[in-house]
Amino acid sequence: MCALVAFANPCFGALTVERLGIHQFEDGPLLDPGHIFLPGETVYVSCRIAGFQSAVTGENQRGVKLSWELHVADSSGVRVVPDLLGRVETPVFAQDKDWLPKFTHSFLIPAFFPNGTVRIDVRVQDEVAKTEVKTELQLKVRGRDVPPSDSLTARNLHFQRTETDASALDPAVYHPGETLWARFDITGYKYGPKNKYDVEYGLAVLRENGEQVFAQPAAADDAHESFYPQHYVPGAISLNLDPMVPEGSYTLVVTMRDKVGGQSAEARAPFRIAR
């Protein structure tokens, strides 16, 4: 009977999500809707529920029985983590008139998540009243913007003065005896089971007339599998220039191989050596 229910909302009130919030750390303050997360960060989610009903569980004791589901996806609808499921099943006492059931959970934003949004969908079921409610929120993620490709390719190929430079070297001019640094992003490879990828890359250096003066066909490889597909693989090349290398115009050739998809591709970028 309704008179036996002891909490703030009426027995027959509509099941509602009173608050769905995100936090930067467990039990931390609610974040502003404009907060921006970074790839690799953990998101803490809290959800408070109102309008539920209770049922007798024995010895005139009443209790709440709720089940919940958390669905996390990117802007294309691809799941970021497996769906999260849980229950809130606890006794309710007369002194709990202002108490609202709550659940919390956390998930990790993948390290290579692209620039965009994450959508969090929540579904709560009241197993006593046989009702459910759904709600959602979105959070912003500032990731790397690497345009997708239907076939194997290199994006953002550029030279750097040092390994840790944040900006591209423009013009790309090196001196004999220095170290050439180049970075790029590989994308357009195919996935195997469990979103596995396996790529390999190498390099070659050509003179202005097309003559090859250096080659390393298998400089590095990268293979990994994950629940959320990794959309790009960062690549890096370093080459110690001989102190006696002739000055002139050269071309760096990056060769790539997709071992899962059976694709091959190359990318080229010019640079100069000056004394």
Check your understanding: Among the residues of segment 123-134, is there at least one that is surrounded by 16 or more Cβ atoms within 10 Å (Cβ to Cβ) and on the phi > 0 side of the Ramachandran plot?
Key -> no
Practice item. Give V199, V205 a once-over and let me know the one that is within 30 Å of V78 (Cβ to Cβ) and over 17 Å from the mean Cα position of the chain (by Cα). Key: V199
Practice item. Give S67, S54, S75 a once-over and let me know the one that is of a type in the set (G, A, S) and exposed (fewer than 14 other Cβ atoms within 10 Å of the Cβ). Key: S75
Review point. Do we have any residue at all in segment 93-111 that's under 27 Å from G261 (Cβ atoms), in the same structural domain as G21 (by TED's automatic domain parsing) and touching a Phe, Trp or Tyr at 6+ places or on another chain (Cβ under 7 Å)?
Key: yes
Revision key, fill the gap. Filtering segment 85-112 down to residues that are among the aliphatic types (A, V, I, L, M), more than 29 Å from the chain's Cα centre (by Cα) and not in a strand (DSSP E or B) yields A94, L100
Review point. Going through segment 135-160 one residue at a time, which ones are exposed (fewer than 14 other Cβ atoms within 10 Å of the Cβ) and more than 21 Å from the chain's Cα centre (by Cα)?
Key: S151
Practice item. Please specify each residue of segment 16-48 satisfying the condition of being among the β-branched types (V, I, T) and surrounded by 14 or more Cβ atoms within 10 Å (Cβ to Cβ). Key: T16, V17, I22, V43, V45
Review point. Only one residue in E178, E163 is over 27 Å from P39 (Cα atoms) and charged (D, E, K, R). Which one?
Key: E178
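The values are calculated or read from the model by the stated rules, or taken from the named source; none is laboratory data. Everything numeric in this text was worked out from a predicted model, so none of it was measured. Counting neighbours? That spans all protein chains shown, and the Cβs are built from the backbone with ideal geometry, glycine included.
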